[in-house]
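Here the structure comes first, spelled out in structure tokens, and everything after it is commentary.
Only the coordinates and a few stated rules stand behind these numbers; no lab work does. Keep in mind it's a predicted model, so treat the numbers as computed, not measured. Every residue, glycine among them, receives a Cβ derived from its backbone with ideal geometry; neighbour counts consider all protein chains shown.
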């Protein structure tokens, strides 16, 4: 479940970079929440997250395992009629690095023209 709101958890753990384009980046990410039915257990959800706008540039320094707090974003369902399938899209417009988890400060990623991501 992706919780949204002032009191809800907006923390997202970043996993793999899927694509980096001029206007957006996409990452695999996950959220978790306590399982109220099983004490001490958590329910994990996985998401494909698109970073755009202010978040796009900041996302270029994200590394596997980083935890972020979404400041501004949205969630929507998109139905693909040809595939008869619904996809959930999470779009992030702004976020903060969560202190104490991975890359808390954006780093200069540099450019070596190799085509690889800086953390590869």
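If R0 is taken as 22 Å, the Cβ-Cβ distance between residue 43 and residue 88 corresponds to a FRET efficiency of 0.90. Panel order for 12, 90, by other beta carbons found within 10 Å of each beta carbon, from fewest to most: 90, 12.
As a proxy for reagent exposure, ranking 61, 30 by other Cβ atoms within 10 Å from fewest up yields 30, 61.
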